[in-house]
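For reference, the structure discussed in these notes is given below.
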């Protein structure tokens with residue numbers, strides 16, 4: 001089955017998996033595109049968000065692969081917005097699969113992408129480059145170049161959109177550099193709500209534009225899935241009420257992979273924070289690690305940071321050895337890894353020295369407010 005057409009069981013998980021586990025409400029907000037959810041190609045392809053003849057405002061463009069909007073591709077709509085706008089622009093995207101790569105450069109600050117049906121599974125931006133995929137001009141794409149969507153702009157927002165990379169190892173046995181990024185996010189104050197991130201290795205690259213920039217990112221009620229290091233990078237990123245799903249792999253070794261691989265700069269007091277999330281799985285018990293510290297060659301002084309708190313950790317995570325070294329020269333014990341009040345079989349503590357726990361006083365400083373500082377995320381729509 002195609003990774004972009006979820007099975008009935010997987011669809012249930014995407015809609016309410018984390019919410020069912022944590023008692024959260026993940027349904028679309030009241031009044032959000034209810035008339036279009038069952039008929040995404042009906043007479044109102046843009047739902048409650050207007051149309052080219054009745055725009056929300058003069059800063060709204062409409063994208064529809066069927067030709068009923070201003071543009072048929074997401075990239076064309078991005079390029080049509082002005083550089084350095086005084087106020088951010090909104091792209092309303094009709095249901096459909098948009099097979100393209102998208103670059104949102106730094107000049108497009110304040111841009112918002114909205115899935116018109118209020119169902120992320122209806123609006124899919126997808127491509128299939130891997131790090132080792134040959135480029136038409138020579139060489140290969142590399143990890144960053146493999147990204148389906150690259151976001152450099154500050155104050156970017158996405159609601160109800162799927163970002164995916166459907167490159168598969170089995171289809172390309174000749175390629176050994178198998179990183180395949182769905183989205184690389186680098187801008188400060190990047191906000192994703194009820195979005196999906198689908199891939200295998202290196203699905204979500206939560207990063208920054210440069211080593212000395214501490215970009216803040218906020219992911220709320222999102223679904224993120226993959227296998228090897230599928231949330232990685234050096235951003236200050238908060239994942240709240242998200243489902244992080246480990247995928248099965250046809251391999252004989254364990255661990256199959258790792259959920260997180262942060263590469264936080266040593267000067268950054270805040271790395272990754274997962275709070276009230278759910279780590280679910282389609283793989284056997286004990287086949288995944290929770291995290292490993294990444295020290296990229298571009299920053300050998302990095303001190304990766306991850307806090308997982310008040311999160312349900314499923315049985316796919318090896319409770320005995322949740323953290324491992326990524327390289328022989330840097331040990332996970334030297335990273336800033338910590339947990340607080342997690343539950344679930346993968347949160348058991350059979351070996352206390354392998355599960356560093358925060359005290360109540362320490363946990364008081366590991367919160368969304370502390371990580372995001374003076375930024376209070378809100379939707380422009």
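Where a number appears in this text, it was derived from the coordinates with a stated rule and is not lab data. From a predicted model like this one, the values you see are computed outputs, not experimental measurements. Note that each Cβ is placed from the backbone with ideal geometry, even for glycine, and that neighbours are counted across all protein chains shown.
Key figures
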item	result
Cα centroid separation - region 125-189 against region 311-381, whole Å	26 Å
Shape call, region 96-194: gyration tensor on alpha carbons, a/c limit 1.5	oblate
Within the chain, percent of DSSP bridges classed antiparallel, to nearest 5	5 percent
Packing rank of 55-62, 229-236, where each peptide gets the mean count of other beta carbons within 10 Å, highest leading	229-236, 55-62
Identified option (computed Cα extents along the principal axes in Å; candidates (i) 62, 48, 42; (ii) 63, 53, 42; (iii) 77, 41, 38)	(i)
FRET efficiency estimate (nearest 0.05) - Cβ-Cβ, residue 58 to residue 299, R0 51 angstrom	0.75
Residues of region 363-381 with amide N under 20 Å of a point placed 7 Å along Cα→Cβ from residue 310	363-378
Between 0 and 90°, nearest 10: helix 8-22 axis offset from the chain longest Cα axis	60 degrees
Theoretical ellipticity at 222 nm over the chain - DSSP helices of four or more residues, -39500 (n - 2.57) apiece, nearest 500	-2500 deg cm²/dmol
Within region 252-372, percent of DSSP bridges classed antiparallel, to nearest 5	5 percent
Region 196-252, Cα convex hull volume normalised per residue, Å³	79 Å³
Relative contact order computed over region 225-381 (Cα-Cα under 8 Å; 6+ residues apart), in percent	21 percent
Taking region 171-230 and dividing mean pair separation by its residue count, relative contact order in percent (alpha carbons under 8 Å, at least six apart)	39 percent
Förster radius 45 Å - calculated FRET efficiency between residue 172 and residue 348, Cβ distance, rounded to 0.05	0.75
Residues of region 288-302 with amide N under 15 Å of a point placed 7 Å along Cα→Cβ from residue 327	292-302
Relative contact order (%) - criterion: Cα under 8 Å, at least six apart; region: region 8-372	10 percent
Residues 332, 167, 375, 294, sorted so that the one with the fewest Cβ neighbours within 10 Å comes first	375, 332, 294, 167
Proxy reagent accessibility, fewest Cβ within 10 Å first, across 303, 126, 161	303, 126, 161
Packing-based exposure ordering (other Cβ within 10 Å, fewest first) of 93, 349, 151	349, 151, 93
In range of the label at residue 250: residues from region 175-219 whose backbone nitrogen is under 20 Å from the point 7 Å along Cα→Cβ	175-180, 199-202
